[in-house]
Amino acid sequence: MMEELLCVFKEIAEENFPELDLEKFSSELREEIKKKKYDLQDEALLETALRDDREAFKNSFLEMLEEQSANEKSSKAFILSDRGREKAISILIDNTEHTIDYYYNTIIGKHFSAT
């Protein structure tokens, strides 16, 4: 799961922030993901989400980042700053958790509506 999430962020960065230091960002993101200690169910749900709704996940992250950088001169300058990098990691983690929750609730909802 971690590698797939890092791969998605790499895609986002290459498409939108080519000047971003991916190595530094990826190592910090990797540490934050490790701290969350996702269980196997969470990992399976996220892998499904990234397989089925990869573009929606990327667009959601970019929208959330744009909202945070609204007071900045540009979202590119924001994400390149230390504060912006920290916020981008936080947004990516939040987006990951929202996605897992959404898929979990969707599956539970389907289960109860089928019974």
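Data overview
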read-out	value
Conditions (1) closer than 29 Å to Ile107 by Cβ; (2) at pLDDT 90 or above; number of the one not met by Ser27	(1)
Residue within the stretch 34-43 that is part of a helix (DSSP H, G or I), in contact with a Leu (Cβ under 9 Å, 6 or more places away or on another chain) and touching a residue at least 12 places away in the same chain (Cβ under 8 Å) present	no
Count - residues of the stretch 4-35 that are closer than 22 Å to Asp101 by Cβ and open to solvent by 90 Å² or more (accessible area, probe 1.4 Å)	2
Members of the stretch 51-79 that are assigned to a loop (DSSP other than H, G, I, E, B) and either hydrophobic (A, V, I, L, M, F, W, C) or open to solvent by 80 Å² or more (accessible area, probe 1.4 Å) (or both)	Ala70, Asn71, Lys73
Leading residue by the ranking (modelled with the highest pLDDT) among those in the stretch 82-97 that are surrounded by 14 or more Cβ atoms within 10 Å (Cβ to Cβ) and more than 17 Å from Leu6 (Cβ to Cβ)	Lys87
Boolean, Thr48 is closer than 23 Å to Glu15 by Cα, surrounded by 18 or more Cβ atoms within 10 Å (Cβ to Cβ) and at pLDDT 85 or above	no
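The values are calculated or read from the model by the stated rules, or taken from the named source; none is laboratory data. Keep in mind the model is a prediction, meaning the values are calculated, not measured. Heads up, the Cβs are rebuilt from the backbone with ideal geometry, glycines too, and the neighbour counts pull from every protein chain shown. The area values use the complete protein model at the heavy-atom level, side chains included, leaving out ligands, DNA and RNA. Shrake-Rupley method; radii C 1.70, N 1.55, O 1.52, S 1.80 Å.
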